[in-house]
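The next block holds one structure in the form of structure tokens; read it before the comments.
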Amino acid sequence: MLEVQNLTVRYGEHTVVDHLSFPAEEGQWLMIVGPNGAGKSTALKAITQGTAYEGTVSFRGQDVRRMKPAKLARCIGVLLQHNPVAYAFTVEEVVEMGRYAHTSGFLAGKATGDRTAVEDALQRTGMAEHRHQSVLTLSGGELQRTFLAQVFAQDPQLLLLDEPTNHLDLVYQKQIFSLIAEWLKQPGRAVVSVVHDLSLAKAYGDRVLLLDNGKLAAFGTPEEVLSPEHLNPVYQMDVAAWMREMLSQWT
Amino acid sequence: MAKKVRGDHFSPWEYLLFAAIAGAVFCVSVCLGSVNIALQDTLSVLGSALQALLRGEPPPSGLSASIILSIRLPRVLCVAITGAALSLAGGAMQGLLKNPLADGSTLGVSSGAALGAVTSIVFGIRFPGLPFAGTMVMAVLFAFLSLMLILTLAFQLDHALSTNTIILVGVIFSMFVSSLMSILITFAADHIQSITFWTMGSLQGKSYQDVAVVAVALLVFGGAILCLARELNAFAMGEDNARNIGVNVRQVRLTVLIAVSGLIGVCVSIGGTIGFVGLVTPHMVRLIVGPNHRRLLPASLFGGAVFLMLADLVARTLLSPAELPIGVVTSLVGAVVFVLIFYRSRKGA
């Protein structure tokens with residue numbers, strides 16, 4: 001579905017992402033992992049055309065650089081880590097914005113298909129009861145579910161997630177990941193997600209991409225990539241031992 | 001928990017209500033001044049003038065008719081349309097930059113436009129094909145260049161374009177423009193009156209030609225902004241969010257910046273720097289109709305017209321027969337509202 005080839009992002013002299021190539025297949029959840037500063041979020045930003053890059057990013061064989069923004073949004077949806085809000089839009093208004101790419105004109109957004117998509121997204125994320133509430137009054141988890149509802153209403157084929165639960169507690173983490181796993185079950189869909197938590201990558205990922213200083217360190221199934229031989233040199237520690245030590249606190 | 005149930009668009013009833021309020025303030029503004037004219041007489045003169053215009057006859061004569069048709073009507077019309085235009089420009093910028101404190105005056109764009117107007121006067125700059133519009137073209141051009149410069153500087157300092165950065169850059173730019181104005185005053189003492197006019201703002205003695213110019217600017221640039229209400233909603237949630245839901249962010253940003261520069265530039269070339277209209281009105285209106293630009297922008301048009309007509313009324317009548325510059329009145333109100341918004345946003349943060 002998504003094919004990234006020789007993706008390189010430079011900020012001045014500094015190369016943040018260095019000739020990165022990987023595919024994202026239909027029906028699969030690809031987890032991008034790596035230490036801080038490895039270039040995970042920058043790679044994701046380049047895919048969504050949020051920063052200048054070299055190389056090629058193609059969606060179902062089409063170069064995304066040549067796609068119009070609305071068409072790109074119908075193919076690829078994005079859920080960011082932080083969504084700071086400045087104005088008191090209601091939850092429903094924010095979710096309705098997700099239909100932008102499907103409609104046009106000043107009077108757009110009220111077609112039956114739009115209403116159904118928005119209603120379905122609100123119901124699926126459990127935000128229907130908050131629909132008339134100002135987003136300024138929501139908790140972090142509710143706000144993230146609102147933006148997840150927006151991206152569901154957008155109805156893309158590929159979902160890109162940039163550490164979507166990084167600042168959320170365990171309850172919301174579980175909620176968000178379960179909702180995305182449910183969304184992925186529908187045909188013709190795929191998810192690419194940047195995560196810090198290697199346990200989440202192992203639990204939900206079908207494929208894992210390990211980044212180190214902007215370069216591809218390993219790519220494959222979670223069992224293949226999340227192994228000491230790949231993880232320990234990148235994180236410069238015995239990752240599995242640390243995980244076991246943490247888990248032992250619960251026994 | 002506060003529940004907000006609002007329509008997506010302005011209903012005909014809401015348009016009617018806002019138009020009725022604006023109409024009432026308009027009538028009061030035409031009636032009151034250094035010479036007060038009864039509402040009934042004012043409406044009678046306006047009705048007769050309209051009938052005469054439709055029949056192609058000369059307008060009604062007499063002292064009241066002369067005051068109303070030659071002095072008050074063009075001035076109040078000019079004030080109302082200028083208020084609507086500045087308010088719309090402020091509302092659009094606040095959405096585009098996701099910042100409730102963004103406005104022509106806080107960013108320094110109005111000062112930039114005034115510098116353009118003054119430069120054209122001092123150096124006698126004229127454009128081929130536009131012999132009477134040199135001041136206006138320079139004001140629009142300088143407004144656009146100022147906006148680009150300010151946003152580039154702010155973006156270099158802080159990619160998030162936070163409130164503090166915007167204000168800091170706006171203040172620095174305004175001081176820079178102020179020093180350039182001082183240099184112009186030093187070397188062009190003959191033009192000191194014009195320069196003072198552009199720095200204080202006034203809509204005294206405006207003609208129907210001025211009304212037509214501001215109205216056309218509002219129609220063209222304001223129309224462009226109103227058509228981008230959905231896109232401004234997306235920008236108000238952040239530029240990344242706008243891009244991710246499919247907005248052509250470059251195209252929309254450039255269109256809004258040009259339209260805002262056009263509105264501010266034309267308004268400044270007609271009435272000088274009338275500060276804070278674009279800050280106060282969208283803020284007040286947002287409290288009533290919510291942040292959705294499909295409702296906010298039309299409401300801001302009416303709100304801006306009402307606010308500036310009231311400010312003009314105060315400027316004309318407070319020390320009558322003497323008159324205060326309208327920019328002084330709006331700045332007094334605007335400064336208080338500015339502090340309130342800043343305080344609220346800091347408290348919220």
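The values are calculated or read from the model by the stated rules, or taken from the named source; none is laboratory data. This structure is a prediction, so every number in the text was calculated from the model and none was measured. Reconstructed Cβ throughout: ideal geometry from the backbone, glycine too, with neighbour counts over all protein chains shown. Side chains are part of the model used for accessible areas, which takes the heavy atoms of the whole protein and leaves out ligands, DNA and RNA. Shrake-Rupley method; radii C 1.70, N 1.55, O 1.52, S 1.80 Å.
To keep it simple, each residue is scored yes or no on (1) within 30 Å of B:A322 (Cα to Cα); (2) surrounded by fewer than 24 Cβ atoms within 10 Å (Cβ to Cβ); (3) touching a residue at least 24 places away in the same chain (Cβ under 8 Å); (4) in contact with a helix residue (DSSP H, G or I) (Cβ under 7 Å, 6 or more places away or on another chain).
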position: B:W198; (1), (2), (3), (4): yes, no, yes, yes
position: B:G201; (1), (2), (3), (4): yes, no, yes, yes
position: B:L232; (1), (2), (3), (4): no, no, yes, yes
position: B:N248; (1), (2), (3), (4): no, yes, no, yes
position: B:Q251; (1), (2), (3), (4): no, yes, no, no
position: B:T255; (1), (2), (3), (4): no, yes, yes, yes
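Taking the condition hydroxyl-bearing (S, T, Y) and either open to solvent by less than 40 Å² (accessible area, probe 1.4 Å) or in contact (Cβ under 8 Å) with a residue 24 or more places away in the chain (or both), does B:S64 pass? Walk me through it before giving the result.
Working: hydroxyl-bearing (S, T, Y): yes; either open to solvent by less than 40 Å² (accessible area, probe 1.4 Å) or in contact (Cβ under 8 Å) with a residue 24 or more places away in the chain (or both): yes.
When the stated conditions are applied, B:S64 passes them.
Just one of A:T146, A:T165 is of a type in the set (V, I, T), away from chain B (no Cβ under 13 Å) and open to solvent by less than 30 Å² (accessible area, probe 1.4 Å); which is it?
On the way: A:T146 fails: away from chain B (no Cβ under 13 Å).
Just one listed residue meets the conditions, A:T165.
If a residue has to be out of contact with any Ser or Thr (no Cβ under 7 Å at 6 or more places or on another chain), surrounded by 19 or more Cβ atoms within 10 Å (Cβ to Cβ) and within 20 Å of A:N83 (Cα to Cα) to count, how many in the range A:178-219 make the cut?
Number of matching residues: 5.
Going by what's in this entry, would A:Q81 be described as free of Cβ contacts under 8 Å to residues at least 24 places away in the same chain and among the polar types (S, T, N, Q)? Walk me through how you get there before you give the answer.
Values: free of Cβ contacts under 8 Å to residues at least 24 places away in the same chain: no; among the polar types (S, T, N, Q): yes.
No.
Could you please give the count of residues in the range A:17-35 that are touching a residue at least 24 places away in the same chain (Cβ under 8 Å) and surrounded by fewer than 21 Cβ atoms within 10 Å (Cβ to Cβ)? Steps first, answer last, please.
At the first step, the residues of the range A:17-35 found to be touching a residue at least 24 places away in the same chain (Cβ under 8 Å) are A:17-22, A:24-35.
Within this subset, residues satisfying the condition of being surrounded by fewer than 21 Cβ atoms within 10 Å (Cβ to Cβ) are A:18-19, A:21-22, A:25-28, A:35.
Total satisfying the criteria: 9.
Quickly run through the range A:77-101 and pick out the residues that are crowded, with 19+ Cβ neighbours inside 10 Å and more than 8 Å from every other protein chain (Cβ to nearest Cβ).
Those that are crowded, with 19+ Cβ neighbours inside 10 Å and more than 8 Å from every other protein chain (Cβ to nearest Cβ): A:L79, A:V91, A:E92, A:V95, A:R99.
Answer with yes or no whether B:L77 is in contact (Cβ under 8 Å) with a residue 12 or more places away in the chain, in a loop (DSSP other than H, G, I, E, B) and surrounded by fewer than 24 Cβ atoms within 10 Å (Cβ to Cβ). Spell out how you get there, then give the answer.
Numbers: in contact (Cβ under 8 Å) with a residue 12 or more places away in the chain: yes; in a loop (DSSP other than H, G, I, E, B): no; surrounded by fewer than 24 Cβ atoms within 10 Å (Cβ to Cβ): yes.
No, not satisfied.
At least 3 residues that are modelled with pLDDT under 95 in each: list the helices (runs of 4 or more DSSP H) lying fully within the range B:210-254 that qualify. Reasoning before the result, please.
Numbers: elements: B:223-227, B:229-236, B:239-244.
Where helices (runs of 4 or more DSSP H) fall fully within the range B:210-254 and carry at least 3 residues being modelled with pLDDT under 95, they are B:229-236, B:239-244.
Does the range B:286-307 contain any residue that is within 14 Å of chain A (Cβ to nearest Cβ), farther than 25 Å from B:A117 by Cα and open to solvent by 50 Å² or more (accessible area, probe 1.4 Å)?
Yes, some residue in the range B:286-307 is within 14 Å of chain A (Cβ to nearest Cβ), farther than 25 Å from B:A117 by Cα and open to solvent by 50 Å² or more (accessible area, probe 1.4 Å).
Hey, A:L136 hits all of (1) over 26 Å from A:G34 (Cβ atoms); (2) free of Cβ contacts under 8 Å to residues at least 40 places away in the same chain but one; which does it fall short on?
The single condition A:L136 does not satisfy is (2).
Given the conditions (1) open to solvent by 20 Å² or more (accessible area, probe 1.4 Å); (2) in contact with a Ser or Thr (Cβ under 9 Å, 6 or more places away or on another chain), and given that B:V339 satisfies all but one, which numbered condition is not satisfied?
(2)
Going residue by residue through the range B:113-123, is there one that turns out to be within 23 Å of B:V137 (Cβ to Cβ) and over 25 Å from the mean Cα position of the chain (by Cα)? Spell out the reasoning first.
Our first condition is that a residue be within 23 Å of B:V137 (Cβ to Cβ); within the range B:113-123, this holds for B:113-123.
When the remaining residues are screened for being over 25 Å from the mean Cα position of the chain (by Cα), the result is B:123.
There is at least one residue in the range B:113-123 that is within 23 Å of B:V137 (Cβ to Cβ) and over 25 Å from the mean Cα position of the chain (by Cα).
Take the range A:17-34 and flag every residue that is under 14 Å from A:L216 (Cβ atoms) and not in a strand (DSSP E or B).
A:G34
Hey, can you tell me all the residues within the range A:131-143 that are away from chain B (no Cβ under 12 Å) and open to solvent by 10 Å² or more (accessible area, probe 1.4 Å)? Please lay out each step first, then the result.
Residues of the range A:131-143 away from chain B (no Cβ under 12 Å): A:140-141.
Listed by number, the list holds a single entry, A:G140.
Taking A:Q157 as meeting all but one of (1) facing chain B (nearest Cβ under 9 Å); (2) open to solvent by 10 Å² or more (accessible area, probe 1.4 Å); (3) of a type in the set (S, T, N, Q), write down the number of the exception.
Result: A:Q157 fails condition (1) only.
Of the conditions (1) under 27 Å from the mean Cα position of the chain (by Cα); (2) away from chain A (no Cβ under 14 Å); (3) among the basic types (K, R), B:K98 satisfies every one except a single condition; which number is it?
Only one criterion is unmet by B:K98, namely (2).
Pick from B:G222, B:G265, B:G238: which is away from chain A (no Cβ under 14 Å) and in contact (Cβ under 8 Å) with a residue 40 or more places away in the chain? Full working, then the answer.
Values: B:G222 fails: away from chain A (no Cβ under 14 Å); B:G238 fails: away from chain A (no Cβ under 14 Å).
Among B:G222, B:G265, B:G238, only B:G265 is away from chain A (no Cβ under 14 Å) and in contact (Cβ under 8 Å) with a residue 40 or more places away in the chain.
Where in the range B:103-170 are there helices (runs of 4 or more DSSP H), lying fully within it, with 1 or more residues that are modelled with pLDDT of 80 or more and surrounded by fewer than 16 Cβ atoms within 10 Å (Cβ to Cβ)? Write out each step before concluding.
Working: elements: B:104-107, B:109-122, B:134-157.
Answer list for the range B:103-170: B:134-157.
Which of the helices (runs of 4 or more DSSP H) contained wholly in the range A:42-133 include at least 1 residues that are polar (S, T, N, Q)?
Of the helices (runs of 4 or more DSSP H) lying wholly inside the range A:42-133, those with at least 1 residues that are polar (S, T, N, Q) span A:112-124.
Looking only at residues that are modelled with pLDDT of 80 or more and over 23 Å from A:K174 (Cα atoms) in the range A:102-129, which one is farthest from the other protein chains (Cβ to nearest Cβ)?
Restricting attention to the range A:102-129, the residues satisfying the condition of being modelled with pLDDT of 80 or more are A:102-103, A:114-129.
Those still in the list that are over 23 Å from A:K174 (Cα atoms) too: A:102-103, A:114-117.
Numbers: A:H102: 8, A:T103: 9, A:D114: 11, A:R115: 11, A:T116: 16, A:A117: 13 Å.
Per the stated criteria, the residue is A:T116.
Limited to the range A:46-57, what total is found for residues that are open to solvent by 20 Å² or more (accessible area, probe 1.4 Å), modelled with pLDDT of 90 or more and of a type outside the set (V, I, T)?
3
Check whether at least one residue in the range B:83-91 is open to solvent by less than 40 Å² (accessible area, probe 1.4 Å), in contact with a His (Cβ under 9 Å, 6 or more places away or on another chain) and modelled with pLDDT of 85 or more, and report yes or no.
yes
If you scan the range B:99-144, which residues turn out to be among the aromatic types (F, W, Y) and touching a residue at least 24 places away in the same chain (Cβ under 8 Å)?
Narrowing the range B:99-144 to residues among the aromatic types (F, W, Y): B:123, B:127, B:132, B:142, B:144.
Answer for the range B:99-144, where residues must be among the aromatic types (F, W, Y) and touching a residue at least 24 places away in the same chain (Cβ under 8 Å): B:F142, B:F144.
Collect the residues in the range B:7-60 that are in a loop (DSSP other than H, G, I, E, B), over 30 Å from A:E92 (Cβ atoms) and among the hydroxyl-bearing types (S, T, Y), keeping them in residue-number order. Talk me through it step by step, then tell me what you get.
Step one: of the range B:7-60, the residues in a loop (DSSP other than H, G, I, E, B) are B:7-11, B:32-38, B:56-60.
From what is left, the residues that are over 30 Å from A:E92 (Cβ atoms) are B:32-38, B:56-60.
Once the filter is applied, which keeps residues that are in a loop (DSSP other than H, G, I, E, B), over 30 Å from A:E92 (Cβ atoms) and among the hydroxyl-bearing types (S, T, Y), the range B:7-60 yields only B:S34.
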